1. Kindly rank A:65-71, B:93-99 from highest to lowest mean number of other beta carbons found within 10 Å of each residue.
2. Per residue of B:24-34, what is the mean number of Cβ atoms on other protein chains within 10 angstrom of that residue's Cβ?
3. Which value, in square angstrom to the nearest 100, describes the accessible area buried between chains B and A on both sides, using a 1.4 angstrom probe?
4. Once each part is reduced to its C-alpha centroid, what is the distance from segment A:40-116 to segment B:25-97 in angstrom?
5. Shielding of A:43-50 by partners, i.e. mean partner chain Cβ atoms within 10 Å per residue?
6. Got a number for carbon plus sulfur as a percent of segment B:14-115's accessible area, 1.4 Å probe?
7. Would you list which lysines come within 22 Å of B:Lys20, measuring only between C-alpha atoms, while excluding same-chain residues fewer than 8 positions from it?
8. Express the C-alpha Rg of chain A as a ratio against the empirical globular expectation 2.2 N^0.38 Å, rounded to two decimals.
Amino acid sequence: AQSVTQLGSHVSVSEGALVLLRCNYSSSVPPYLFWYVQYPNQGLQLLLKYTTGATLVKGINGFEAEFKKSETSFHLTKPSAHMSDAAEYFCAVSDLGYSSASKIIFGSGTRLSIRP
Amino acid sequence: GAVVSQHPSRVICKSGTSVKIECRSLDFQATTMFWYRQFPKQSLMLMATSNEGSKATYEQGVEKDKFLINHASLTLSTLTVTSAHPEDSSFYICSARPRADTEAFFGQGTRLTVV
């Protein structure tokens with residue numbers, strides 16, 4: 001079984017400040033991990049993903065995340081927040097590749113607000 | 001990148017009627033499609049997984065007879081909400097996956113309002 005926990009349903013930072021969105025996962029097999037962004041009334045856009053290899057993953061819009069197996073974490077960061085980053089962010093875990101029946105399980109989401 | 005088109009983006013229907021939502025993979029063949037439901041300010045809840053040519057696998061608690069899923073081809077899956085009621089009002093999102101070892105791509109979602 002797999003699960004995802006996102007700490008903090010709402011994070012507010014000032015424009016230009018560091019963004020840190022926390023995600024911890026649980027998985028019985030080596031996980032595939034994802035961060036998605038959702039703007040109001042829209043679908044999900046993939047920010048970045050970790051499958052295998054390098055544990056520091058760079059994504060779009062200046063975001064990056066680091067897979068830490070020992071901490072079962074996959075926190076999302078961005079050095080300098082921009083107003084356009086305000087959105088809902090979802091961390092997700094999957095046993096992708098292990099089974100044709102594999103699913104993607106989402107965390108509860110974190111709403112990111114940017115203060116001018 | 002891979003594109004998934006979901007239609008309609010918004011639909012309003014009367015209580016007791018049925019409504020169909022389409023999910024199409026435009027530039028790839030999707031062996032698996034997923035249907036999610038999202039309540040306001042909440043996460044995505046997986047409703048069912050469908051593989052082309054076979055019956056959908058529903059998550060626990062999801063009514064199969066109310067949410068009919070058909071995955072007739074490698075590029076099209078449909079979700080039909082039958083005998084809709086106001087409590088079925090929600091945001092429905094589909095995603096499509098080319099292979100088991102690839103990521104899934106998401107549609108833009110459908111806002112269903114049952115009046």
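1. B:93-99, A:65-71
2. On the way: counts 0, 0, 0, 0, 0, 0, 0, 1, 4, 0, 2.
That average works out to 1.
3. Values: alone 6380 and 6200 Å², together 10860 Å².
Rounded to the nearest hundred, the buried surface is 1700 Å².
4. Taking the Cα centre of each part, segment A:40-116 and segment B:25-97 sit 23 Å apart.
5. 5
6. Exposed carbon and sulfur together represent 51 percent of the surface.
7. Filter leaves B:Lys55, B:Lys64, B:Lys66.
8. Working: Rg = 13.7 Å, N = 116, 2.2 N^0.38 = 13.4 Å.
Chain A yields a ratio of 1.03.
The values are calculated or read from the model by the stated rules, or taken from the named source; none is laboratory data. Keep in mind that what you see is a predicted model, and the values were worked out from it rather than measured. Here Cβ is always computed from backbone atoms with ideal geometry, including for glycine, and neighbour counts include all displayed protein chains. Note: areas computed on protein heavy atoms with side chains; ligands, DNA, RNA excluded. Shrake-Rupley method; radii C 1.70, N 1.55, O 1.52, S 1.80 Å.
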